[in-house]
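Below is one structure, written out as structure tokens; the observations come after it.
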Amino acid sequence: MATDRILAIVGPTASGKTRRAVDVARELGGEIISGDSRQVYRGMDIGTGKDLEEYGDVPYHLIDVAPAGSKYNLYEYLRDATDAICGIRSRGAVPVVCGGTGLYVESLLKGMRLPEVPENKPLREQLEGLSLEELTVILEGMKTLHNVTDIDTAKRAIRAIEIQTYYREHPEAAAMTVPGNPLPAVIVGVEIDREARRRRITSRLDARLDAGMVDEVRELLRSGVQPEDLMYYGLEYKFLTRYVIGELSYSEMRDGLEIAIHQFAKRQMTWFRGMERRGFLIHWLPYDMGVDEFVAECKRLYEGEVGSAVQMLD
């Protein structure tokens, strides 16, 4: 078996990719590396869909590695994921990357290297009083906004401006952001049609609300995490926090969140289709494929002579 390769299983939210990744990792003797930008935070379990009970005896990495309220970033992810891959390979196991954060997965597979960008307090103070719209205009003047999460909140926009400012002032650091050597990988996408995806998102949202997602947010706030820091994470934590602090009614929260998750899933698929245009070979398999059939096909692809998942880079 080609244990120097990585297997990546990607797909939109509610496609069932975590369960698929666990099944495949168990068959291949693999360990899972989360490719989710929010599952790194401790105490944010229901809202991020960690579903830890699904892993069973399969080891996993990059889940619960940072405190809620902190700002774990792409630099840290690439550093930690690279360390995890080295550790997994040293044990003779297969690294199985699973996630829906396209930026994280794509950057990792490209072999991207990033410098750590320090905090710029004077710049932050200068930007602090500006509206999100004003910050967006500034950021648009500094880079093309491929990643809409940069302007999801004012705090995110300020951090993005801080990073771009650092790169302008330190061009040698910006040069490090170009892709390195692509990692040998096989990418499998879990394909789900729009209507099935919408049904599963709605059903899962209601199930998570019933499971105590509101109480999870209340507990995070009681533990000292500030409301604006929770809202920084977007989606569930943005809407639920606004509900808990009285800015939204329950129905406004639930309905607004459902719409936002549908929009998020669409953006995820747009990212993955963009990866294909940027030269990544993604093997799409149906979300409702039988377990044994899905695992067998992933194993065949992983062990086959398919070359690198990255055909070219822009």
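The values are calculated or read from the model by the stated rules, or taken from the named source; none is laboratory data. Here the structure is a predicted model, which means the values were calculated and not measured. Glycine gets a Cβ as well: all are built from the backbone with ideal geometry, and neighbour counts include every protein chain shown. For the accessible areas, the whole protein counts, side chains as well, though only heavy atoms, and no ligand, DNA or RNA atoms are used. Shrake-Rupley method; radii C 1.70, N 1.55, O 1.52, S 1.80 Å.
For the reader, a short list of remarks on this structure follows.
- THR48 being of a type outside the set (Phe, Trp, Tyr), under 25 Å from ASP206 (Cβ atoms) and touching a strand residue (DSSP E or B) at 6+ places or on another chain (Cβ under 8 Å): yes
- Residues located in the range 45-55, provided they are open to solvent by 50 Å² or more (accessible area, probe 1.4 Å) and farther than 18 Å from VAL24 by Cα: ASP45
- Residue list for the range 24-67, restricted to those being of a type in the set (Val, Ile, Thr) and closer than 24 Å to SER90 by Cβ: VAL24, ILE32, ILE33, VAL40, VAL58, ILE63, VAL65
- The range 227-251: number of residues that are of a type outside the set (Gly, Ala, Ser), open to solvent by 40 Å² or more (accessible area, probe 1.4 Å) and more than 22 Å from the chain's Cα centre (by Cα): 6
- Qualifying residue in the range 218-226 (condition: in contact (Cβ under 8 Å) with a residue 24 or more places away in the chain, among the small types (Gly, Ala, Ser) and open to solvent by less than 40 Å² (accessible area, probe 1.4 Å)): no
- For the range 1-16, taking the residues that are within 24 Å of TRP271 (Cα to Cα), β-branched (Val, Ile, Thr) and touching a strand residue (DSSP E or B) at 6+ places or on another chain (Cβ under 8 Å), the one that is surrounded by the fewest Cβ atoms within 10 Å (Cβ to Cβ) is identified as ILE6.
- Helices (runs of 4 or more DSSP H) within the range 56-153 that include 2 or more residues surrounded by fewer than 19 Cβ atoms within 10 Å (Cβ to Cβ) and modelled with pLDDT of 90 or more: 74-90, 121-127, 132-140
- Of the helices (runs of 4 or more DSSP H) contained entirely in the range 184-250, those carrying at least 1 residues that are out of contact with any helix residue (DSSP H, G or I) (no Cβ under 9 Å at 6 or more places or on another chain) fall at 194-210, 213-222.
- Pairs meeting the criteria (first residue in the range 236-255 and over 19 Å from THR202 (Cα atoms), second residue crowded, with 18+ Cβ neighbours inside 10 Å and aromatic (Phe, Trp, Tyr), beta carbons under 6 Å, at least 6 apart or on different chains) are lacking.
- Cβ-Cβ under 6 Å pairs, at least 6 apart or on other chains, the range 261-273 side closer than 21 Å to GLY47 by Cβ and assigned to a helix (DSSP H, G or I), far side open to solvent by less than 80 Å² (accessible area, probe 1.4 Å) and polar (S, T, N, Q): ALA265/THR13
- Just one of the numbered conditions (1) open to solvent by 70 Å² or more (accessible area, probe 1.4 Å); (2) at pLDDT 95 or above is not true of ILE261: (1).
- Every residue from the range 256-280 that is closer than 18 Å to THR202 by Cα and touching a Gly at 6+ places or on another chain (Cβ under 9 Å): ALA260, PHE264, ALA265, ARG267, GLN268, MET269
- Odd one out for ILE33, checked against (1) buried (at least 24 other Cβ atoms within 10 Å of the Cβ); (2) closer than 19 Å to TYR287 by Cα: (2)
- Set ARG38, ARG19: member being open to solvent by 20 Å² or more (accessible area, probe 1.4 Å), touching a residue at least 12 places away in the same chain (Cβ under 8 Å) and over 17 Å from ALA81 (Cα atoms): ARG19
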